[in-house]
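Below: one structure, written as structure tokens.
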Amino acid sequence: MCNRKHRAVGFTLVELLVVIGIIALLISILLPALNSARERANRVKCSSNLRQLGQAITIYAGDNNGHYPRVRLLPGEIPCFFTGFLRDSAFGPTGEPTPNDVTAALFLLVRGNYLTLNVFVCPSSTQKVDDLQGYSPLQCSNFSDTLPFGWSLSYSYANPYPNNGHLALVDADYKLAPQTRADFAIAADRNDGEDRFKNVNWNAPTSDMKWMNSQNHNKEGQNVLYNDGHVVWCNNPFVAIDHDNIYTRAGDSANKRGTPHGKDDTILLPMFPLKDHLQ
């Protein structure tokens, strides 16, 4: 009889370290690809949100004599946001949000059951679906007013109020309506770039564009909704008429008040942080 020595089954320390190294290497290779795939899926979902927003605005106009959603207009006053949260009426004479409120205009689509609140949240953003603090949409006239303002809104909307501020004469021919040009940008990922005026040239380098892009998609670009209902992914904000920056007033490197400069000027509101539009 022969006595055979059996080697214990298992890994040596060196073998174990090699396996761990291989796994770490595979993860480092696959993780960027997985993140990229996730972001592509998020862009598709975000695009769908904006497309639904465009459809809802069109249906709203059909139900309201051709008018896009907006609350009471007060000529000469600049736009405002997130006012009058707990209000059972959107148009007063009492119990209404402040006139020229852009976010209240969007919230009309929720009050009217044209859209649900989850449509206003981009999956690539840090915003969350609004809980309305437990109230129903018909008890509210705006998105939640809990701080920080805008925590439940991932998109910005073209200013629906003409004749705003000290530029009223310049704005006289501005109108947001179904008859507005098809290539007019009416909504996009929200206006929260780190520096909207980093560069005023539409052919600025990519490094500058990242400063001006929305932060929703890692500053790589934004989905943009046009007045004819189509949505396009754009890697820079200069995608309005005549290479206008959709997040700033046309031809202006300083004005942040959200006052359009003529009928073809897109300014998407709110601007985040909100104080920016007051400067």
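All of the numbers you see were taken from the coordinates with simple rules; none came from a lab. Keep in mind the model is a prediction, meaning the values are calculated, not measured. All Cβ positions, even for glycine, are placed from backbone atoms using ideal geometry, and neighbour counts span all protein chains on display.
A simple spin-label model places the labels of H243 and F91 4.3 nm from each other, with each point 7 Å out along Cα-to-Cβ.
The residue list A177, N65, L30 was ranked by how far each Cα lies along the charge dipole of the chain toward its positive end, using unit charges on Cβ atoms, and L30 comes out on top. Highest mobility in the GNM of the chain, judged by mean-square fluctuation with C-alpha springs under 10 Å and restricted to G150, G66, G221, is found for G66.
Between the helical axis of 13-63 and the longest alpha-carbon principal axis of the chain there is an angle of about 20 degrees. What the Cβ-Cβ distance of R72 and K263 gives, at R0 = 35 Å and to the nearest 0.05, is a FRET efficiency of 0.95.
Full extension of the chain between K175 and I23 gives 48.9 nm of extra length, using 0.36 nm per residue less the Cα-Cα distance.
For region 48-130, the convex hull drawn through the C-alpha positions has a volume of 110 cubic angstrom per residue.
Taken over the C-alpha atoms, region 111-205 has Rg and Dmax values of 16.6, 47 angstrom. According to a simple spin-label model (label point 7 Å from Cα along Cα-to-Cβ), what is the distance in nm between S36 and S136? Distance between label points: 4.9 nm. For the chain, set up a GNM with springs between Cα atoms under 10 Å and report which of I78, I57, I22 has the largest fluctuation. Evaluated over the chain, the most mobile residue of the options is I22. Scanning residues 5 or more positions from T266 or on other chains, those with amide H under 5 Å from its amide H are I241, with H placed 1.01 Å from N in the peptide plane. Modelled this way, with points 7 Å down the Cα-to-C-beta line, the labels at I59 and W202 are 3.4 nm from one another. Among the listed pairs K175/K198; K198/K275; K128/K175, a Cα-Cα separation exceeding 24 Å is found for K175/K198; K128/K175. Would you mind checking the tilt of helix 102-111 against the longest principal axis of the Cα atoms of the chain, expressed as 0 to 90 degrees and rounded to 10? Here the helix axis deviates by roughly 80 degrees.
Under a model in which nothing but the beta-carbon of Lys, Arg (+1) and Asp, Glu (-1) is charged, the chain shows a dipole of about 1200 debye around its Cα centre. The Cα atoms of region 2-157 define a convex hull whose projected area, averaged across directions, is 16.5 nm².
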